[in-house]
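Novice: Handing you this structure, nothing more for now.
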Amino acid sequence: MQRGFIFTRQFITFAILFSLSISIAFGQKKPSQARSTCSGAWTGSVTYSRYQKMVDNKTTPRVSARGEDKRDWEMVYDYKASVAVIESPERNGSNIGKASITSRVQSTEKVTAVEKNSCDRGKTWKDMRGESLSKTLTVGIGEGVDANVSIGVNADGSYTVSVGLPQIKGETSGSQSTVYSGQCTPKEGKSFNMPPSTTSVDGNSITSDGSDRVDPADPNRLSGSYSRTWQGVTEKISWNLESCGAPLRITDLRFEDMQFPNWNDWQEVSEQKGTVDGNWVKVKAKVLNLSGESRFAEVYLKETYKGDKWDGSKPDVPLKDQTFSIRIEPNEEREIEMLWDTSGYGWYDDGRPRLVQRVKAELWENYKKVDDLTKNIKIVPKPLVFVPGIWTNLQEYEMYQNLLTTTHSYGWKTERAKDTTGQSRPNRTVYDNAEMLDGFVDKMRADLNAWHVDMLSHSTGGLVARLYVHKHMQTVDDGRPVVKHLLMMGSPNLGVPCADSMANSDVFKNVMQTAREIMPDEIAIFNRYVTQKKGTKFSALVGDSMPILCVSPMWNDGFVSVESAKFTSDDFAITKAMHPNMISTKIFNDFVKGHLITGPRSTYPVPVISEQ
């Protein structure tokens, strides 16, 4: 009996040892090696921004009643934070935030005092002026600082997202200058710069309003945004979070463009304002590694047509033939960036207006897509600068903004170059007008942040535009001209044969300088000098509605001959419209619109009309 018990015990022990050896031989994991279950922590990214602009403009009469004091003050506060949300080391379902913060507060105060003053006991009077300018700038930068992120999901599916950002170090600098003029005893102005000093920048916090709800079809992912405006302050929080998601994640996708006129002055593109066709844009994507090991991945940036009723079935297309291969360490967040030329992206290649561009960042690991993020950017067409001539009907031009708006959107802007024609100042030469046009173009580019424009000219405005291109227009740092396309409608590029005989008539009585400049002998001198196009494409609208000009057989538009209007342009179109009527709605639809619309692949045909 005893021997049987011992044998049985030995047999059981042998069986256990045998089963363990079989398990090890076939690679079965021990219970301690099994993959732990998801803790439920939300991970991903949260972005926060706060913008405030305050202005105080005040004019106060001086006590002497002979002048005034004017104060112009402006303060701009721009705060941005990008927070990587990762699981806490305890793996207990909580998370922590690591924030990158930039803060910029700039204050500018300009005080101008003007007072009538007499230095000869009242015999003569002149303005005595004093002007002071004070600037203060505080910049704060925080990289990898701790931030509090909280996600609260309620039983009914509603949820809130909140972020609290800490105080960071900053630096304050400033300058002050004074200028005086008109004093009886000359007074010298002074200027000095305040050396940088260290300071601190307060943190910020915000909580969404709880109106967002979990998507039942994808309960492990939260994405959305919330903004509020109060007392001139606009705050916004956006989030892209996932629970029990892939270890590699795209946490942010954003766009930056350069602020004219400062090349390489990159600033974030707001979703509401967008950017302008032809501007260079930096596309930036952030990738977060939530695993405990180094990972290798590829990032692709594409344009996607999802949601477009015409192109919804088209496959995604790379924005650029470029792939980003990255290595990411545990709990590291890496950013990739790509320079994107937006030329043509205000339109589709078939000529339709592209009101929004959808850009997708895709993340691939081991030949498998593990995450993607799509963001919209608005790209409006290049502004249209209109250069009128001495016989331009400006009332006809007034409807052009409506034409551009209905063709694309209100983002497509046009402005008339003021004071660039003999109508405004009869004695101003074409050279004076071209210089005025140069200043106007730069102001328009600055107002709309457009590095490139298109230009439309009518009549003698075409001569001003040609001279601007030849003498004043610069090449942008991207190697392309400021003016992509110059359209000239009825421009007297070879002069007007009867200008000399008409000079004393009522036709030219208010524009004698222009009358002299468009005489054939004078325009020949002009054409020997004005020869450069600098990469700008020239197109001309040519009128042939009349067979006689100045008692000579010569097809013309009532003022400019066919050959004169065609000169300098290989691309031209023919119209029966008379000279003053070339900026009508019909001409816009038949000629102007087709020459300005170009998709990103330049496949939209440029129509050439003919009414012969």
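FYI, it's all coordinate maths here, none of it is from the lab. The model shown is predicted, which means the values in this text are computed figures rather than measured ones. As a convention, Cβ positions derive from the backbone with ideal geometry for all residues, glycine included, and neighbour counts pool all protein chains shown.
Novice: Thinking of segment 204-362 as a set of Cα atoms, what percent of all their pairs are more than 28 Å apart?
Specialist: Values: 4269 of 12561 pairs.
In whole percent, the share of Cα-Cα pairs in segment 204-362 beyond 28 Å is 34.
Novice: Which shape class applies to segment 257-307: rounded if a/c is under 1.5, otherwise prolate when a/b exceeds b/c and oblate if not, where a ≥ b ≥ c are the square roots of the Cα gyration tensor eigenvalues? Write down the numbers at each step before the final one.
Specialist: Working: a/c = 2.85, a/b = 1.78, b/c = 1.60.
Since a/c reaches 1.5 and a/b is larger than b/c, the shape of segment 257-307 is classed as prolate.
Novice: If packing is taken as the average number of other Cβ atoms within 10 Å across a peptide's residues, how do 242-252, 449-459, 391-401 rank, most packed first? Show your work: numbers first, answer last.
Specialist: Details: 242-252: 20.2, 449-459: 24.9, 391-401: 15.6.
By packing density, highest mean first, the sequence is 449-459, 242-252, 391-401.
Novice: Let me check against my output: what whole-number percent is the relative contact order of segment 114-206, with C-alpha pairs under 8 Å and at least 6 apart? List each step's numbers first, then the result.
Specialist: Numbers: 175 pairs, mean separation 28.2, N = 93.
Relative CO of segment 114-206 lands at 30 percent.
Novice: Viscosity 0.692 mPa s, temperature 37 °C: give me the Stokes-Einstein translational D for segment 381-596 in µm²/s, with Rh taken as the Kirkwood radius over C-alpha pairs.
Specialist: On the way: Rh = 17.2 Å.
Value of D from the Cα-based Kirkwood radius: 191 µm²/s.
Novice: Counting just the Cα atoms, what span does the chain cover along each of its three principal axes? Round to the nearest Å and put the largest first.
Specialist: 143, 75, 43
Novice: When the chain is fully extended, how far beyond the present Cα-Cα distance does R352 get from R601, taking 0.36 nm per residue of separation? Intermediate results must be reported in sequence, preceding the final value.
Specialist: Details: separation 249, 0.36 × 249 = 89.64 nm, distance 1.33 nm.
Using 0.36 nm per residue and subtracting the Cα-Cα distance, I get 88.3 nm.
Novice: What shape does segment 390-479 have by the C-alpha gyration tensor, where a ≥ b ≥ c are the square roots of the eigenvalues, rounded means a/c under 1.5, and otherwise prolate means a/b greater than b/c and oblate the rest? Mind showing how you got there, number by number?
Specialist: Values: a/c = 2.15, a/b = 1.12, b/c = 1.92.
Since a/c reaches 1.5 but b/c is at least a/b, the shape of segment 390-479 is classed as oblate.
Novice: Dipole of segment 247-379, Cα-centred, from +1 at each Lys and Arg C-beta and -1 at each Asp and Glu C-beta, to the nearest 20 debye?
Specialist: Details: 22 positive and 26 negative charges, 80 e Å.
Dipole magnitude for segment 247-379 comes out near 380 debye.
Novice: Quick check for me: using +1 on Lys/Arg Cβ and -1 on Asp/Glu Cβ, what's the dipole size of segment 38-245 about its Cα centre, in debye to the nearest 20?
Specialist: I would put it at about 1320 debye.
Novice: Let me ask something else about it. Positive end of the dipole of segment 247-379, charges at C-beta (+1 Lys, Arg; -1 Asp, Glu), about the Cα centre: which of M338, L290, S313 has its Cα farthest in that direction?
Specialist: The Cα lying farthest towards the positive end belongs to S313.
Novice: List the trypsin sites (Lys or Arg not before Pro) in segment 98-195 that DSSP assigns to loop (not H, G, I, E or B) and whose Cβ has at most 12 other Cβ atoms within 10 Å. Which are they?
Specialist: Details: sites: K98, R104, K110, K116, R121, K123, K126, R129, K135, K169, K187, K190; in loops: R121, K123, K187, K190.
Counting only loop positions with at most 12 other Cβ atoms within 10 Å, the trypsin sites (Lys or Arg not before Pro) in segment 98-195 are R121, K123, K190.
Novice: Here is a follow-up. With a point put 7 Å past each Cα toward its Cβ, work out how far R327 is from Q183 in nm, to one decimal.
Specialist: 6.6 nm
Novice: Can you tell me which of 156-164, 519-527 comes out highest on packing, and rank the rest after it, using the mean Cβ neighbours within 10 Å? Could you put the intermediate results ahead of the total?
Specialist: Working: 156-164: 16.9, 519-527: 15.1.
Going from most to least packed, we get 156-164, 519-527.
Novice: Projected area of segment 38-245, taken from the Cα convex hull and averaged over every viewing direction, in nm²? All intermediate terms of the calculation are to be shown ahead of the outcome.
Specialist: Numbers: hull surface 63.7 nm².
Result: 15.9 nm².
Novice: For n ≥ 4 DSSP H runs only, could you compute -39500 (n - 2.57) per run for the chain, divide by its residues and tell me the 222 nm figure to the nearest 500? The partial results should precede the final answer.
Specialist: On the way: 10 runs with 91 residues, N = 612.
My calculation for the chain gives -4000 deg cm²/dmol from helical runs alone.
Novice: Let me spell out the model: positive unit charges on the Cβ of Lys and Arg, negative unit charges on the Cβ of Asp and Glu, origin at the Cα centre of the chain. What dipole size does that give, in debye rounded to 20? Don't skip to the answer; put the middle values down first.
Specialist: Details: 75 positive and 75 negative charges, 198 e Å.
Using only the charged Cβ atoms, the result is roughly 960 debye.
Novice: Highest mean first, how do 87-96, 332-341 rank when packing is the count of other Cβ atoms within 10 Å averaged over residues?
Specialist: On the way: 87-96: 13.8, 332-341: 16.4.
Sorting 87-96, 332-341 by mean packing, highest first, produces 332-341, 87-96.
Novice: With unit charges on the beta carbon (Lys/Arg positive, Asp/Glu negative), name the residue among N57, L137, N95 whose Cα is farthest towards the positive pole of the charge dipole of segment 39-150.
Specialist: Sorting the options by dipole projection puts first N57.
Novice: Now for a separate question. Between their Cα atoms, which of K320/K534; K53/K126; K169/K443; K284/K418; K360/K382 are more than 30 Å away from each other?
Specialist: Working: K320/K534 27 Å; K53/K126 37 Å; K169/K443 37 Å; K284/K418 40 Å; K360/K382 24 Å.
Long pairs (Cα-Cα over 30 Å): K53/K126; K169/K443; K284/K418.
Novice: Same structure again: Can you list the chymotrypsin sites (Phe, Trp or Tyr not before Pro) in segment 270-336 that are in a DSSP coil and have 11 or fewer other beta carbons within 10 angstrom? Write out the running numbers ahead of the final one.
Specialist: Working: sites: W280, F296, Y300, Y305, W310, F324; in loops: Y305, W310.
When the chymotrypsin sites (Phe, Trp or Tyr not before Pro) of segment 270-336 are filtered for loop state and at most 11 Cβ neighbours within 10 Å, W310 remain.
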